[in-house]
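Q: Take a look at this one; I'll ask things after.
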Amino acid sequence: MKLKKFSFLLSATAATVAVPLVAFSCGKTATTEVTAQGERDKITAVAFTGTDQANTSVNDVTKMQLKLKAGEADYKAPTGSDVKVDFEITTRLAVDGSLKVKVSVQKGAETPLTKELDLTGFKAEPAVQNVTQEQVNTEAAKITAVEYNGTKASAKENVLPSQVDDAKLVAKAGEQNYVLPVGDSWATEFVKTPDDVAGTLKVKVKVTSGTLFAESKEVTLDGFLTSANKKEAEVQAEANKITAVEYLGTGEKAKDKVLPSAVAFENTNFKAKANDNDYTLPTAVEGKAWSLSFVKVSADDAKGKLTVKVKVTFDGVSKESQDIVVEGFLTSDQKAVNDAKTAITAADYTGKASVLPSAADVTKFSVTQAPAAGIAVSYEIVANSQNDASGTLKVKATLTKGDKTAVTGELEVSGFLTTAQDAAAKKAKADAEATRLAATNVTYSVHIQEV
């Protein structure tokens, strides 16, 4: 980790030391989710584990001789998550036997949260004082402003005031960066007062030389991330994870049986998805639970499409996912033909009494429950159902609207001409013709005799 420095020469033996990162894996317990802020807040102090602290110079202290504390107990990180805890010695003040340690807690790719801890009680090594208070006052007065230099990831709008790292603060003397005098144990320190609610950071620069110090005028830096905006960003990030919605209705509420406009917006009817996986809400934080609900955007019954959003809520803040289209619902045309099909219980045939079932014409069928306007009906005689002996057949009706269809079950039509009736009719016709011809022959014979 590369540290940015301000040429802090704290004493004849003072130095700023960066030590290699040592990662502590912090996970979650069975009941509480591990967060970077939660772990940072647990860490309250740093302790020296070496011997004879009072006679040890701060310049001889190593990171391996330090340990983090959680109250009176040693800090022990949970295991199993992507939270990492690291610390480094940032300042050694030989003049009063103290040092400062910066603790960094990071969860995944989030911006690390930091805090600074003081550790005193080491051997004091006062330097020879060659500087007057007036000179220190003069140096502090030169500092007219403080600038924040964050990278893209640590830009103001992405960082809470309480998370600001001293390494990103720059003391200014007019238009130029403030530069400490050479020698005489000169050093600077930023005295910060963060306000996460307002997104502001008040900063004074403390200039020291040996045991003498003076502070610059306080300046206020604004435009930082606020606690409210941070919460909103976190909730929006959760909502953005949701990329699809699955409809869970079954039976009469199954997708192909319900119009989009008739869908009940209950959580039991939907499942949020994060890509191909089920979306899972984060674990409650400090007793505050996350929740979600499904919001109707629009319903297109003609196309069988339902557009929804998923609203994610945490601690009074709600954010919505992108619009998500759920397809495959019943369409209005399909419902129309389905309803028409359900209403049909019988079919008939025009002039059936004079037509054998085997001679039936499919264009002459009708249904007794005519469908609504816009629905076409066609017929198909069921194979092997035409029974001339009994004068019956079976037919199916197909109802069509647009590209949607529904087919009835088999409908029996009776009352057709039977083979017996057809034979009797033909015989009667033949007999009648024979009688007519016989009568004609008698008349013709009489006429000849008269002539």
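The values are calculated or read from the model by the stated rules, or taken from the named source; none is laboratory data. Since the structure is predicted, the reported quantities are computational estimates derived from the model, not experimental observations. Methodologically, a virtual Cβ is constructed for each residue, glycine included, from the backbone with ideal geometry; neighbour enumeration extends over all protein chains shown.
Q: For the range 249-259, how many residues meet the condition of being surrounded by fewer than 15 Cβ atoms within 10 Å (Cβ to Cβ) and either in contact with a Lys or Arg (Cβ under 6 Å, 6 or more places away or on another chain) or in contact (Cβ under 8 Å) with a residue 60 or more places away in the chain (or both)?
A: Selection size over the range 249-259: 1.
Q: If I filter the range 259-273 for residues that are assigned to a strand (DSSP E or B) and in the same structural domain as Q163 (by TED's automatic domain parsing), do I get at least one hit?
A: no
Q: Being of a type in the set (K, R) and free of Cβ contacts under 8 Å to residues at least 60 places away in the same chain narrows it down to one residue among K341, K309, K352; which is it? Don't jump to the end; show me each part of the working.
A: Details: K341 fails: free of Cβ contacts under 8 Å to residues at least 60 places away in the same chain; K352 fails: free of Cβ contacts under 8 Å to residues at least 60 places away in the same chain.
Within the list K341, K309, K352, the selection yields K309.
Q: Here's another thing I want to ask about it. Under 8 Å between Cβ atoms, which residue pairs at least 6 apart in sequence (or on different chains) link something in the range 224-237 that is under 12 Å from T313 (Cβ atoms) with a partner that is among the aliphatic types (A, V, I, L, M)?
A: K231/V317; E232/V317; V235/V312; V235/V317
Q: Residue pairs, Cβ under 9 Å, 6 or more apart or interchain, first in the range 101-118 and part of a loop (DSSP other than H, G, I, E, B), second of a type in the set (D, E). List them.
A: The qualifying pairs are G108/D82; A109/D82; P112/D86; P112/D165.
Q: Please find, within the range 369-417, the residue that is surrounded by the fewest Cβ atoms within 10 Å (Cβ to Cβ) out of those that are over 48 Å from the mean Cα position of the chain (by Cα) and touching a residue at least 60 places away in the same chain (Cβ under 8 Å).
A: That would be G415.
Q: Looking only at the range 265-308, which residues are more than 17 Å from K319 (Cβ to Cβ), among the small types (G, A, S) and either surrounded by 12 or more Cβ atoms within 10 Å (Cβ to Cβ) or in contact with a helix residue (DSSP H, G or I) (Cβ under 8 Å, 6 or more places away or on another chain) (or both)?
A: Within the range 265-308, A284, S298, A299, A302, G304 qualify.
Q: Among the residues of the range 136-159, is any under 47 Å from the mean Cα position of the chain (by Cα), outside the structural domain of A109 (by TED's automatic domain parsing), within 30 Å of L66 (Cα to Cα) and at pLDDT 90 or above?
A: Yes, some residue in the range 136-159 is under 47 Å from the mean Cα position of the chain (by Cα), outside the structural domain of A109 (by TED's automatic domain parsing), within 30 Å of L66 (Cα to Cα) and at pLDDT 90 or above.
Q: Here's another thing I want to ask about it. Could you check A262 against (1) more than 17 Å from K319 (Cβ to Cβ); (2) surrounded by fewer than 15 Cβ atoms within 10 Å (Cβ to Cβ); (3) at pLDDT 95 or above; (4) under 17 Å from the mean Cα position of the chain (by Cα) and say which number it fails?
A: (4)
Q: With the structure loaded, tell me whether A397 is outside the structural domain of G304 (by TED's automatic domain parsing), in a loop (DSSP other than H, G, I, E, B), in contact with a helix residue (DSSP H, G or I) (Cβ under 9 Å, 6 or more places away or on another chain) and closer than 30 Å to D256 by Cα or whether it fails that test.
A: no
Q: Applying the selection to the range 160-202, what residues are under 24 Å from A228 (Cα atoms) and in a loop (DSSP other than H, G, I, E, B)?
A: Hits for the range 160-202 are L160, V164, D165, D196, V197, A198, G199.
Q: Exactly one condition in (1) part of a loop (DSSP other than H, G, I, E, B); (2) more than 29 Å from N338 (Cα to Cα); (3) in contact with a Ser or Thr (Cβ under 6 Å, 6 or more places away or on another chain) is false for F224; which is it?
A: That leaves (3) as the condition not met.
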